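A quick write-up on the structure given underneath.
The values are calculated or read from the model by the stated rules, or taken from the named source; none is laboratory data. What you see is a predicted model; the values in this text were computed from it and never measured. Note that each Cβ is placed from the backbone with ideal geometry, even for glycine, and that neighbours are counted across all protein chains shown.
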There are 4 protein chains.
Amino acid sequence: MSDEIRKNFASDNIAPACPEVLDALLRANRGPAPAYGSDELTGELERRFAILFERGLISFPVATGTAANSLALSALVPPYGAVLCDQSAHIANDEGGAPEFFTHGAKLIPIPSPDGRMKPDALRAAIELNRLGGLQSPPARALSLTQSTEWGTLYTLDDLRELTTIAHDGGMTVHMDGARFANAVAALGCTAAQASWEVGIDVLTFGGTKNGAIAAEAVLFFTPSLAEDFLRRVKRSGHLWSKQRFMSAQLLALLENDLWLDHARQANAMAERLAHGLHRYTAATLPYETQANEVFVVLPKAVTQALEDAGYRFYRWPTPPGVTGDLIRLVTDFTTTTHDIDALLAAL
Amino acid sequence: MSDEIRKNFASDNIAPACPEVLDALLRANRGPAPAYGSDELTGELERRFAILFERGLISFPVATGTAANSLALSALVPPYGAVLCDQSAHIANDEGGAPEFFTHGAKLIPIPSPDGRMKPDALRAAIELNRLGGLQSPPARALSLTQSTEWGTLYTLDDLRELTTIAHDGGMTVHMDGARFANAVAALGCTAAQASWEVGIDVLTFGGTKNGAIAAEAVLFFTPSLAEDFLRRVKRSGHLWSKQRFMSAQLLALLENDLWLDHARQANAMAERLAHGLHRYTAATLPYETQANEVFVVLPKAVTQALEDAGYRFYRWPTPPGVTGDLIRLVTDFTTTTHDIDALLAAL
Amino acid sequence: MSDEIRKNFASDNIAPACPEVLDALLRANRGPAPAYGSDELTGELERRFAILFERGLISFPVATGTAANSLALSALVPPYGAVLCDQSAHIANDEGGAPEFFTHGAKLIPIPSPDGRMKPDALRAAIELNRLGGLQSPPARALSLTQSTEWGTLYTLDDLRELTTIAHDGGMTVHMDGARFANAVAALGCTAAQASWEVGIDVLTFGGTKNGAIAAEAVLFFTPSLAEDFLRRVKRSGHLWSKQRFMSAQLLALLENDLWLDHARQANAMAERLAHGLHRYTAATLPYETQANEVFVVLPKAVTQALEDAGYRFYRWPTPPGVTGDLIRLVTDFTTTTHDIDALLAAL
Amino acid sequence: MSDEIRKNFASDNIAPACPEVLDALLRANRGPAPAYGSDELTGELERRFAILFERGLISFPVATGTAANSLALSALVPPYGAVLCDQSAHIANDEGGAPEFFTHGAKLIPIPSPDGRMKPDALRAAIELNRLGGLQSPPARALSLTQSTEWGTLYTLDDLRELTTIAHDGGMTVHMDGARFANAVAALGCTAAQASWEVGIDVLTFGGTKNGAIAAEAVLFFTPSLAEDFLRRVKRSGHLWSKQRFMSAQLLALLENDLWLDHARQANAMAERLAHGLHRYTAATLPYETQANEVFVVLPKAVTQALEDAGYRFYRWPTPPGVTGDLIRLVTDFTTTTHDIDALLAAL
């Protein structure tokens, strides 16, 4: 991509697109094509997803993760309902109220967890409290899980199965925010099917943008009845492109030859290398396991300041009580190289 | 683009993107860039729009016309308010309820017109009726005009000034649905400024997708106070790309060397050529003037059937009462050639 | 009620409540009672409605007709859907956008009619047009009929059956705005069952406020599955009274000994007497049949002015094209007496 | 009211209405009156509120507290905004998602507190966190405070002034949920003005239903500009009664001769008597101060069971961690007598 050392670890969405995605756009740019998703590439994409996930499914590409998550939730809960999610969830904290917009005001009920991984007991307690609320509480109709989590950790497949079983038993459907689903599948070493519907996920937001695309995610419905009228929701929110082929082409490029997994493996490996290096740096404390492509580390304030002065970019998180120093997040992606990591470690 | 004769006249959104737009994407794809519109290209785009429109303005690129129109309206009317528009308006008929979604249920009040061009007296009557409704009628707070219109006709600059003056006097702001603003400016032979804020437009949806882009429109605010918090609305509806540079790059490519106008001139010229040919064809009746890039024509049913059998594609419109034959729409775009038009006329 | 001659014919909602309703409030005011509709009177009300309508049903009392209609519609159509209704419908013209608020922006599609009574062919045409719109048109999922109509006319039972059959065949449910259901049943001389579910009504808004109550209507679901979670919608919109017994008591008083029908018969008889008198007055033209408790009449402007100067109160309607004079509406209710009518006729 | 001993302490909304309110209804029931709040009593009510609060204000009576709170909030925050409130707030926990419905999905951000009284530092921290969220966090535009609080405690006037100053400095307006405002004013021994606008409240929900009315609250705007178009919101949500005089009459009856304060004093005194008795009962623990008309007490499970078996009614609250026994709430109202309290204490 570039000979320069990368110093920007703010997010995996600051990356460019990969060459394969741009090539796919060029190839898609041939003559007229039916509009609004009736084109050949969009149909092909659904078939490719079905092969990847080893079952029939219904797929809807949209340009942003915020739209993908929020549209999915709007299909799962009525306006007067509620969504249970981890307290760290992107839908609850980082989407500017989009889930509330798309669901017409459904309530997001955050469940506390130590590291972004919801605990079964906490889920059961939240369901019970919601039931006791009766008419006064918007009824929980969906559970949303994030994989990999917002703290860079992973649910095991057993974790997921246990949580989705509790939710289904409570009359809920289950959504997975898979903005970093690729990182999770790569890290778990399982199949896409095993990481999703086989452990009880009903609807998956499959991320592409953080993993090499320009702007492309997909909402995948494993339970077809939930997808009824979904295209109307996509249209009504302005997310149905007239030239939809250009969105589908991006995702097809990522699926081709498992490029999506190669990208995720690279990002994960770089995060692991970085975490490994930080563990040897005594002034650093890593409050969460590094299991995907995000590294959270507490560093002395003088150090984070020096890194910024040297041109490094990253986000600060609120420092937990009792901790001195800055809690920062360092995110790797498919463009991060060992040189970048080693340069960062050397800078420390 | 292609050596083949184009037979698809269904819409200007079935076209591919132009090479300049794809080149711009390739150029934009260099290294990391700040996310969510803080990149250089998005800033540059606003400056280029300001130059084009000869005044300070605030611009927000979004991927679809439906989103652009609906977001703009949501900034102009409260949820309990109303938008006046022509009965043929895209916002009222073709966006799947998107304006109602984004405005939280504001009412679209259609005003009858013979050819897509709202008449001043009809606007005055609608305002008066709305006032008489008092509490029982959602108050009209915005006027939305489409230029060029849904019937391929054009408002003159004087028409626009008269309508916007009535609206402003009535306490309304004015939105222009400019999905085909380029075609209008090209046909009127005026400047972008003359066609918009100089005749009283407060907010313009500037179309790019039908005119060579992959997926790029812009909402332009000439009255800055109306743009307050607008970026929050864009984010909340999932229309803020993390890699926003790739949207801005498309629009920059269209603005470069007035490519947007060249494209529109070509489309308009082809529509004119087609209308000219149809006028000589006695079995054809053109119910509306062809002033931009859309030709509406009534043809004998046998003829439209024969065209379809020959591979031609177009949309049928409800045939007006008292008319025999099929009312069809033929749309040209920047890729339409004289060969395409002549072949179609020959087929007739 | 009063010895004075009534001169206010503006609406049937300017009337006071009947003594029986106030007595019922006093009787209901005994000691504590469970809140939010778990009280005895609310249960009793549902049983009384079931007897009156000769079948099991689910009833929800709410304080206003606007709330009753809008809540009912919100249970019938999704936010991205549409409701077909007559162009004169109260829901479309007089409720300040409440249906759009409660349905989260569903679209009301008005169907033209000459006198407030939707014609089967017009309904069929609207359904067909809606289907052709595809993704671009919010799909029609409910039909709303007003009985008696906004122009004081009545659907026959055959009319209703034909319309509801068309709607059901088109996959829609049917709502009846029965703000003046009592007037319709009284005029048709049929049973409540015959006027509602027997002719295909799925949900009825049963009016009480215009017919003797302080503030009490009921939403009656004849198709129980449609009522799922309805109480949550009532609660969420602030329409569930903690002291719900006081609302139910009002409706029970109206149902007791068919008081609701007696009231309606009185109002209808007075309207008939008034229409009869007006027909003999050569300067008056009655554009619609007087079949319930509303009389529409065109009078010379000098006459309407003189009436107002004499203290009479009524609403003006937009005068139809080609008509000279003022189109006014005169509404009777259960408190209107023959003296009132005769005085008005004498004043003319 | 009744010679029987009251055993129902579930809520202050299980009470009947007071005789003065019913008398007022009877007096209001004279002849026709203008509809939709144009009647004399509604005008008179606003004047009486202005006298009580010692300043010009705008008042809107509505039937339920849920509607009053939610409508008020909808006037203070945009759909993409947020409301800060205590974690125990009724708006966040007990209104079935009504605030989200009326505000079109604004976010309620709960702030932790030990006893329902928000702490200034916690408010400042929440504001700072919200600011840091930038585009990703719905911006806090209103603060909502509950007085008396959900735990039966009271803010001092100094507490309120400090909190409202922080909010105003942060660009927010301040709403007070005054469902039990009467209890607060009675307990604080201050004036209505001192308890509201003098300490920075912009909009007050003035409760009537829990204090003797059938169904009547009022939204009071001390900052007139905030009330713009408010009546349209009331209408659009179905909360504008056509026979509005019957709602205003209830509130007028409560204001007459400070009946509202007499009622509140009685309720408060009974709660105090109860708390006093419980403090002497060694098995009882009162986790919060009893400052208004709600008593929270932890009792051994055997005791609460025995009380229920004896016919007593009350709500259980989730027992705090580390506490054994049942946390229950006992609510008094204007109908509670010393006999009722003494009987309850004797039963213990």
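Can you say whether A:Ala142 is of a type in the set (A, V, I, L, M) and away from chain B (no Cβ under 14 Å), as far as the supplied structure shows?
Details: of a type in the set (A, V, I, L, M): yes; away from chain B (no Cβ under 14 Å): yes.
Criteria met by A:Ala142.
Give the number of residues within segment D:1-35 that are surrounded by 20 or more Cβ atoms within 10 Å (Cβ to Cβ), more than 7 Å from chain C (Cβ to nearest Cβ) and within 20 Å of C:Ala213 (Cβ to Cβ).
3
Taking A:Tyr80 and the conditions (1) among the aromatic types (Phe, Trp, Tyr); (2) in contact (Cβ under 8 Å) with a residue 60 or more places away in the chain; (3) out of contact with any Leu (no Cβ under 6 Å at 6 or more places or on another chain); (4) part of a loop (DSSP other than H, G, I, E, B), which numbered condition does it fall short on, given that it satisfies the others?
Among (1) among the aromatic types (Phe, Trp, Tyr); (2) in contact (Cβ under 8 Å) with a residue 60 or more places away in the chain; (3) out of contact with any Leu (no Cβ under 6 Å at 6 or more places or on another chain); (4) part of a loop (DSSP other than H, G, I, E, B), the lone unmet condition for A:Tyr80 is (2).
Residues of segment C:31-46 being in contact with a helix residue (DSSP H, G or I) (Cβ under 6 Å, 6 or more places away or on another chain), outside any helix (DSSP H, G or I) and either of a type in the set (S, T, N, Q) or under 17 Å from C:Leu231 (Cβ atoms) (or both), which ones?
Residue satisfying the conditions is C:Asp39 alone.
Going through segment B:134-158 one residue at a time, which ones are within 30 Å of C:Pro99 (Cα to Cα) and either assigned by TED's automatic domain parsing to the domain that holds B:Tyr288 or surrounded by fewer than 20 Cβ atoms within 10 Å (Cβ to Cβ) (or both)?
Those that are within 30 Å of C:Pro99 (Cα to Cα) and either assigned by TED's automatic domain parsing to the domain that holds B:Tyr288 or surrounded by fewer than 20 Cβ atoms within 10 Å (Cβ to Cβ) (or both): B:Gly134, B:Leu135, B:Gln136.
Give A:Thr285, A:Thr332 a once-over and let me know the one that is hydroxyl-bearing (Ser, Thr, Tyr), at negative phi and surrounded by 20 or more Cβ atoms within 10 Å (Cβ to Cβ).
A:Thr332
Looking only at segment D:135-176, how many residues end up being within 30 Å of B:Phe230 (Cα to Cα), part of a strand (DSSP E or B) and touching a helix residue (DSSP H, G or I) at 6+ places or on another chain (Cβ under 7 Å)?
Summing the residues that are within 30 Å of B:Phe230 (Cα to Cα), part of a strand (DSSP E or B) and touching a helix residue (DSSP H, G or I) at 6+ places or on another chain (Cβ under 7 Å) in segment D:135-176 gives 9.
If A:Met176 satisfies every condition in (1) surrounded by fewer than 24 Cβ atoms within 10 Å (Cβ to Cβ); (2) free of Cβ contacts under 8 Å to residues at least 60 places away in the same chain; (3) not aromatic (Phe, Trp, Tyr) but one, which is the exception?
The one condition A:Met176 does not meet is (1).
Kindly evaluate D:Ser74 against the criterion of being part of a loop (DSSP other than H, G, I, E, B), among the small types (Gly, Ala, Ser), within 28 Å of D:Leu251 (Cα to Cα) and more than 8 Å from every other protein chain (Cβ to nearest Cβ).
no
Are any of the residues in segment D:47-70 within 7 Å of chain C (Cβ to nearest Cβ), among the polar types (S, T, N, Q) and part of a helix (DSSP H, G or I)? First the steps, then the outcome.
Filtering segment D:47-70 down to residues within 7 Å of chain C (Cβ to nearest Cβ) leaves D:63-64, D:66-67, D:70.
Filter once more, keeping what is among the polar types (S, T, N, Q): D:64, D:66, D:70.
Checking which are part of a helix (DSSP H, G or I) leaves us with D:66, D:70.
Yes: segment D:47-70 contains one or more residues that are within 7 Å of chain C (Cβ to nearest Cβ), among the polar types (S, T, N, Q) and part of a helix (DSSP H, G or I).
Taking the residues in segment C:145-167 that are more than 21 Å from C:Tyr288 (Cβ to Cβ) and either in contact (Cβ under 8 Å) with a residue 40 or more places away in the chain or more than 20 Å from the chain's Cα centre (by Cα) (or both) as candidates, determine which candidate is farthest from the other protein chains (Cβ to nearest Cβ).
Going through the qualifying residues, I end up with C:Thr165.
For the condition more than 18 Å from A:Phe60 (Cα to Cα), under 18 Å from the mean Cα position of the chain (by Cα) and polar (S, T, N, Q), what is the one hit in A:Asn257, A:Asn268?
Being more than 18 Å from A:Phe60 (Cα to Cα), under 18 Å from the mean Cα position of the chain (by Cα) and polar (S, T, N, Q) holds for just one of A:Asn257, A:Asn268, which is A:Asn268.
Looking at B:Asn293, B:Asn268, which is the one that is under 26 Å from B:Val185 (Cβ atoms), outside the structural domain of B:Ala182 (by TED's automatic domain parsing), modelled with pLDDT of 95 or more and touching a Gly at 6+ places or on another chain (Cβ under 8 Å)?
B:Asn293
Please give the number of the condition D:Ile328 fails out of (1) in contact with a Lys or Arg (Cβ under 8 Å, 6 or more places away or on another chain); (2) touching a residue at least 40 places away in the same chain (Cβ under 8 Å); (3) not aromatic (Phe, Trp, Tyr).
Only one criterion in (1) in contact with a Lys or Arg (Cβ under 8 Å, 6 or more places away or on another chain); (2) touching a residue at least 40 places away in the same chain (Cβ under 8 Å); (3) not aromatic (Phe, Trp, Tyr) is unmet by D:Ile328, namely (2).
May I ask you to list the residues in segment C:307-325 that are surrounded by fewer than 18 Cβ atoms within 10 Å (Cβ to Cβ), touching a residue at least 24 places away in the same chain (Cβ under 8 Å) and of a type in the set (A, V, I, L, M, F, W, C)?
Listed by number, the residues that qualify are C:Ala310, C:Val323.
When you look at B:Asn130, is it within 14 Å of chain C (Cβ to nearest Cβ) and either within 30 Å of B:Ala267 (Cα to Cα) or in contact (Cβ under 8 Å) with a residue 60 or more places away in the chain (or both), yes or no?
Against the criterion (within 14 Å of chain C (Cβ to nearest Cβ) and either within 30 Å of B:Ala267 (Cα to Cα) or in contact (Cβ under 8 Å) with a residue 60 or more places away in the chain (or both)), B:Asn130 does not qualify.
Being in contact (Cβ under 8 Å) with a residue 40 or more places away in the chain, more than 30 Å from B:Glu46 (Cα to Cα) and basic (Lys, Arg) is the filter here; which residues of segment B:251-304 pass it?
Listed by number, the list holds a single entry, B:Arg273.
Could you say whether any residue in segment D:105-116 is touching a Cys at 6+ places or on another chain (Cβ under 7 Å), assigned to a helix (DSSP H, G or I) and either under 23 Å from D:Leu154 (Cα atoms) or modelled with pLDDT of 95 or more (or both)?
Taking every residue of segment D:105-116 in turn, none turns out to be touching a Cys at 6+ places or on another chain (Cβ under 7 Å), assigned to a helix (DSSP H, G or I) and either under 23 Å from D:Leu154 (Cα atoms) or modelled with pLDDT of 95 or more (or both).
Determine which member of the set C:Pro138, C:Pro114 is of a type outside the set (Phe, Trp, Tyr) and farther than 20 Å from C:Ala75 by Cα.
Numbers: C:Pro138 fails: farther than 20 Å from C:Ala75 by Cα.
Going through C:Pro138, C:Pro114 in turn, the sole match is C:Pro114.
Condition (residue is in contact (Cβ under 8 Å) with a residue 24 or more places away in the chain and buried (at least 24 other Cβ atoms within 10 Å of the Cβ)) applied to segment D:223-230: is it met by at least one residue?
Scanning segment D:223-230 turns up no residue that is in contact (Cβ under 8 Å) with a residue 24 or more places away in the chain and buried (at least 24 other Cβ atoms within 10 Å of the Cβ).
With respect to the numbered conditions (1) within 12 Å of chain B (Cβ to nearest Cβ); (2) in contact (Cβ under 8 Å) with a residue 24 or more places away in the chain; (3) crowded, with 24+ Cβ neighbours inside 10 Å; (4) of a type outside the set (Val, Ile, Thr), which one is the sole condition not fulfilled by A:Ala89?
Checking A:Ala89 against (1) within 12 Å of chain B (Cβ to nearest Cβ); (2) in contact (Cβ under 8 Å) with a residue 24 or more places away in the chain; (3) crowded, with 24+ Cβ neighbours inside 10 Å; (4) of a type outside the set (Val, Ile, Thr), the one that fails is (1).
Tally time: how many residues in segment A:94-110 are more than 7 Å from every other protein chain (Cβ to nearest Cβ) and either aliphatic (A, V, I, L, M) or surrounded by fewer than 24 Cβ atoms within 10 Å (Cβ to Cβ) (or both)?
Qualifying residue count, segment A:94-110: 4.
From the list D:Glu95, D:Glu4, pick out the single residue that is assigned to a loop (DSSP other than H, G, I, E, B), modelled with pLDDT of 95 or more and more than 30 Å from C:Ala15 (Cβ to Cβ).
From the options D:Glu95, D:Glu4, the qualifying one is D:Glu95.
Using the structure shown, decide if D:Phe230 is over 16 Å from B:Pro139 (Cα atoms) and in contact with a helix residue (DSSP H, G or I) (Cβ under 9 Å, 6 or more places away or on another chain).
So D:Phe230 fails the test.
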